[in-house]
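Report on the following structure.
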Amino acid sequence: MSYTHFSKTERLELSILLKKGYSLRDIARELRRNPSSVSREIKENSVNGEYDPHKADHKACVKRKYSKYQGMKVNENRWLEEYIWEGLQQYWTPEEIAGRLSFEYGRSVISFKSIYKWLYSVYGQPFCAYLPSKQYRPRKRKSKKQEKILIPNRISIEERPEIINQRLRCGDFEGDTLGVPKGSLETLAGIADRKSRYFLAKKIARIRYAVDGFKKLSSPLINLYSFTFDNGVENVRYQELGVSTYFCHAYSSWEKGSIENTFKRLRRFIPKKSYLKDYSDKDIAVICDIMNNTPRKCLGWKKPKEVFEEQGRIHYQLTMSKCCTSG
């Protein structure tokens, strides 16, 4: 298989997977790349030891632009450059110029493809205006790529009911995993209620066990109606949760802002680049309890635990009254 440069989309996906703690082999598998290619991309295009997809893409473009440029043969031969220039002024195409050179010298001097490469380099750009197409960049080949569907039968967040969007009830959760340092196996599965901001978290051995973590966290809950996740492959087994599940658009983490903001608040207790092996399950439970008992402005200074438990009691009372009435 021929090598192709990393695209901007691939770099965005690579960055997200890195932050989630995926290993290089797992990232390579998801991007359908060789692990050594992923490793080289991170090593060569990181800035100050950090891989930023936008900076990496810019760095790679600059590197290609000023590397061993295409059309070096033309630039090193002044007479050849002048011949091409004169031919272009006479409305000759690169193919006609190359053909005429072969006719005059009785041998192949340069191919028309090499002339195009020189024209599209930083050295031949001023002459592109004389091309019939007035094109300054090579045409990109359109390849039919099969859409990669990582999560089958997923339901877009656009189809999520308004009762969830408007945060009208407790029991609609957002879930995600906490980013961990490279090389760390353990991570944290967390869920946050959209209405009350009630937060639950649990350590898991690897990111692939995220759904198992969500199941354990949600199983004791009385009122559980839905989940909202991103498109990470760790969520592929979402159907095991047994509730309505919705997925954000690609690279749109703000669409599950409750869990994202909760994780930011969590960083006060578990700073970035911290290893979770330094935190016991009891430590995690204590941190969650502190966060759930902190007054929140968005709740009118109520505590998340107060709002969530109040809704739970209402749900329980309504359920019991219906049972009594039907009996």
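If I go through the stretch 44-66 residue by residue, how many of them are surrounded by 11 or more Cβ atoms within 10 Å (Cβ to Cβ) and aromatic (Phe, Trp, Tyr)?
The qualifying residues number 1.
Just one of the numbered conditions (1) aromatic (Phe, Trp, Tyr); (2) assigned to a loop (DSSP other than H, G, I, E, B); (3) at pLDDT 85 or above is not true of Tyr136; which one?
With respect to (1) aromatic (Phe, Trp, Tyr); (2) assigned to a loop (DSSP other than H, G, I, E, B); (3) at pLDDT 85 or above, Tyr136 is out only on (3).
Among the residues of the stretch 29-71, which ones are modelled with pLDDT under 90, aliphatic (A, V, I, L, M) and under 16 Å from the mean Cα position of the chain (by Cα)?
Selection gives Leu31 alone.
Restricting the search to the stretch 91-110, which residues are outside any helix (DSSP H, G or I) and loosely packed, with under 10 Cβ neighbours inside 10 Å? Walk me through it before giving the result.
Taking the stretch 91-110 first, the residues outside any helix (DSSP H, G or I) are 91-93, 106-110.
Gly106, Arg107 - these are the residues of the stretch 91-110 that are outside any helix (DSSP H, G or I) and loosely packed, with under 10 Cβ neighbours inside 10 Å.
Can you pull out every residue in the stretch 22-41 that is in contact (Cβ under 8 Å) with a residue 12 or more places away in the chain and of a type in the set (A, V, I, L, M, F, W, C)?
Result: Leu24, Ile27, Leu31, Val38.
Wholly within the stretch 158-258, which strands (runs of 3 or more DSSP E) include no fewer than the required count, namely at least 1 residues that are in contact with a Cys (Cβ under 6 Å, 6 or more places away or on another chain) and at pLDDT 95 or above? Before you say what the answer is, go through the steps one by one.
Values: elements: 172-177, 187-193, 199-204, 226-229, 244-247.
Here the list reads 187-193, 199-204.
State which residue is surrounded by the fewest Cβ atoms within 10 Å (Cβ to Cβ) when the search covers only the stretch 273-292 and only residues that are touching a Pro at 6+ places or on another chain (Cβ under 8 Å) and not hydroxyl-bearing (Ser, Thr, Tyr). Write out each step before concluding.
Residues of the stretch 273-292 that are touching a Pro at 6+ places or on another chain (Cβ under 8 Å), as a first pass: 273-275, 291-292.
Pick out the ones that are also not hydroxyl-bearing (Ser, Thr, Tyr) and you get 273, 291-292.
On the way: Lys273: 10, Met291: 22, Asn292: 21.
Among those that are touching a Pro at 6+ places or on another chain (Cβ under 8 Å) and not hydroxyl-bearing (Ser, Thr, Tyr), it is Lys273.
Could you give every pair whose Cβ atoms fall below 9 Å, whose first residue belongs to the stretch 211-240 and is on the phi > 0 side of the Ramachandran plot and not assigned by TED's automatic domain parsing to the domain that holds Gly257, and whose second residue is hydroxyl-bearing (Ser, Thr, Tyr) and modelled with pLDDT of 95 or more, counting only separations of at least 6 or pairs across chains?
Every condition considered, no pair remains.
Return only the number of the condition from (1) loosely packed, with under 15 Cβ neighbours inside 10 Å; (2) over 25 Å from Ser252 (Cβ atoms); (3) touching a helix residue (DSSP H, G or I) at 6+ places or on another chain (Cβ under 9 Å) that Arg40 does not satisfy.
Among (1) loosely packed, with under 15 Cβ neighbours inside 10 Å; (2) over 25 Å from Ser252 (Cβ atoms); (3) touching a helix residue (DSSP H, G or I) at 6+ places or on another chain (Cβ under 9 Å), Arg40 violates only (3).
When only residues in the stretch 24-57 that are part of a loop (DSSP other than H, G, I, E, B) and among the charged types (D, E, K, R) count, which is farthest from Arg208 (Cα to Cα)? Steps first, answer last, please.
Initial filter on the stretch 24-57 (part of a loop (DSSP other than H, G, I, E, B)): 32-34, 46, 48-49, 51-52.
Restricting the remaining residues to those that are among the charged types (D, E, K, R) gives 32-33, 52.
Working: Arg32: 18, Arg33: 20, Asp52: 24 Å.
Among residues in the stretch 24-57 that are part of a loop (DSSP other than H, G, I, E, B) and among the charged types (D, E, K, R), the one farthest from Arg208 (Cα to Cα) is Asp52.
Does the stretch 113-122 contain at least one residue that is in contact with a strand residue (DSSP E or B) (Cβ under 6 Å, 6 or more places away or on another chain) and modelled with pLDDT of 85 or more?
Initial filter on the stretch 113-122 (in contact with a strand residue (DSSP E or B) (Cβ under 6 Å, 6 or more places away or on another chain)): none.
So far as the stretch 113-122 goes, no, none of its residues is in contact with a strand residue (DSSP E or B) (Cβ under 6 Å, 6 or more places away or on another chain) and modelled with pLDDT of 85 or more.
Is it the case that the stretch 117-132 has a residue that's over 45 Å from the mean Cα position of the chain (by Cα) and surrounded by fewer than 17 Cβ atoms within 10 Å (Cβ to Cβ)?
no
Can we say Val47 is out of contact with any Leu (no Cβ under 9 Å at 6 or more places or on another chain) and not assigned by TED's automatic domain parsing to the domain that holds Phe112? Even if it seems obvious, please write down each step before you answer.
Working: out of contact with any Leu (no Cβ under 9 Å at 6 or more places or on another chain): yes; not assigned by TED's automatic domain parsing to the domain that holds Phe112: yes.
Criteria met by Val47.
Going by the structure shown, is His5 surrounded by fewer than 17 Cβ atoms within 10 Å (Cβ to Cβ), of a type outside the set (Val, Ile, Thr) and in a helix (DSSP H, G or I)?
Details: surrounded by fewer than 17 Cβ atoms within 10 Å (Cβ to Cβ): yes; of a type outside the set (Val, Ile, Thr): yes; in a helix (DSSP H, G or I): no.
Answer is no for this residue.
The values are calculated or read from the model by the stated rules, or taken from the named source; none is laboratory data. The shown structure was predicted, so the numbers you read here are calculated from the model rather than taken from an experiment. Here the Cβ is made from the backbone with ideal geometry for all residues, glycine too, and neighbour counts use every protein chain on show.
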